[in-house]
């Protein structure tokens, strides 16, 4: 979806001057990123709600995994379908429906009498989360001026981790005050209806994406929207750009399954898939979903663990800032590999200390320090590189298929981690589980070293040439016959 | 009357292209090259004395649809479609179907199918 470094279309438009239009654009950005915030809240809230839910609904490790990960299965489906629906019906309409879906899913979960209804609600929430993950980014990058577009992917990521932090804080406050009352987890969940309502009301006042309107041939309406968010002179100038970008979007949907028969295309998609798997296989989401339980098992009491877990949320937000800053300054490959070394060491040490220290506040504090370190490397290095690289490696005509397949892969691995983590902890213990993640981290490091290309400061054409040259005999005959 | 050639990103594509160039010369006509690859066609080494039009593929995920749409567009002008063929494994055919088979059956102009 992002066009940061490889924008084929250049315009001579001057940057927006501050004023009415800029304020309108800021308001629009804030409203739309409520989608990202909801994404974060709904994935993060389970972290603190789960310990209470386990008692109330009588969850086993297996059903804990199912309740947590059913959201991710829904999200995989939502991300897959979301793109098509928003291409057909429009971004604004889609976001309005997503807000409704967020609210409905939240209410189903809140009033769930048992595991079955809970899983249904989580799948509905997942559809909304997955749909938001593609539509909000598309909407924002289509209404923003070119100079702001590059930062949007990472800004949305920032909203997601902020949503998770918000969920951790709400969990700690609600758990701290009403922890002894029954069904306290229902209150933790129901708060997510507030941003959903805000998103819906806010989006009612927001315009449709001009690029989507242009892709439907509705140029008059597209210009009217541009006049709301740009000054008059620039709006006229940008209509041509928007038309060209709408054409480019169509071109991005060119590749189909048959193109995977071409070796160099297949090679790029495999690298994309590897990047997606490597981001999730560190087990980052086991901490984002089960952080409170990890800390309780290590020796904190329930209230203490809820409060300590906020540190995980805070570090995620801070590290995401640092990561965005780093992306502009260091090369992607070293950043990724340093991130992998950091997360590997932290995972290994969690395993070691869980083995040698007796359960208690001391061990819990050490584990907390290590999960914070882990998240600093994950959210400050691995995740930002992942988002950016996935938007950089695909040639234009492969972008739709490539991003779609990699997005699906991200959700599937995320789902497996969410499902299997509680089951693994129950079966082989917490330290062995972390050793397993550390081992997978070593594999990921080796794969990254072997196949991930450097994308910073290189054009798509240079990258394409590299992928073609790695192809051996087939490529050589190609050179000869052409 | 024009010759059209479908050039996928494969050795057969290149075979079809050179056969189409020969055929165009023989018929003393012009050639429309339909580039089915995701990257632009490498025009180095193509004869400069022939009237050649290169069309890139955009927005068509299905290669056969793309070729058939182009044939429709040139209806009445194109009188020969050149394609390349290769042996396919049963699994490959089951997964992706056969591009040449669809074109042979569905194109409404004569098709010249060349083997490597």
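Miscellaneous remarks
- Residue check for residue A:101: without any contact (Cβ under 8 Å) to a residue 40 or more places away in the chain, closer than 30 Å to residue A:210 by Cα and part of a helix (DSSP H, G or I): yes
- Filter result (surrounded by fewer than 18 Cβ atoms within 10 Å (Cβ to Cβ), within 12 Å of chain A (Cβ to nearest Cβ) and within 15 Å of residue B:99 (Cα to Cα)) within segment B:29-73: B:61, B:62, B:65
- Qualifying residue in segment A:208-215 (condition: on the phi > 0 side of the Ramachandran plot, free of Cβ contacts under 8 Å to residues at least 40 places away in the same chain and not assigned by TED's automatic domain parsing to the domain that holds residue A:138): no
- Segment A:231-246: number of residues that are surrounded by fewer than 16 Cβ atoms within 10 Å (Cβ to Cβ) and either within 7 Å of chain B (Cβ to nearest Cβ) or without any contact (Cβ under 8 Å) to a residue 24 or more places away in the chain (or both): 3
- Selection of segment B:84-98 for residues being under 19 Å from residue B:18 (Cα atoms), within 14 Å of chain A (Cβ to nearest Cβ) and surrounded by 14 or more Cβ atoms within 10 Å (Cβ to Cβ) yields only B:84.
- Test for residue B:14: is it surrounded by 15 or more Cβ atoms within 10 Å (Cβ to Cβ), farther than 16 Å from residue B:110 by Cα and touching a helix residue (DSSP H, G or I) at 6+ places or on another chain (Cβ under 6 Å): yes
- Selection of segment A:449-464 for residues being within 16 Å of residue A:398 (Cβ to Cβ), more than 14 Å from every other protein chain (Cβ to nearest Cβ) and not in a loop (DSSP other than H, G, I, E, B) yields an empty set.
- Highlighted here are the helices (runs of 4 or more DSSP H) found entirely within chain B that include at least 3 residues which are within 14 Å of the chain's Cα centre (by Cα): B:11-27, B:63-73, B:99-106.
The values are calculated or read from the model by the stated rules, or taken from the named source; none is laboratory data. Everything numeric here is computed off the predicted structure, so don't read it as measured data. Note: ideal-geometry Cβ built from the backbone for every residue, glycine included; neighbour counts use all protein chains shown.
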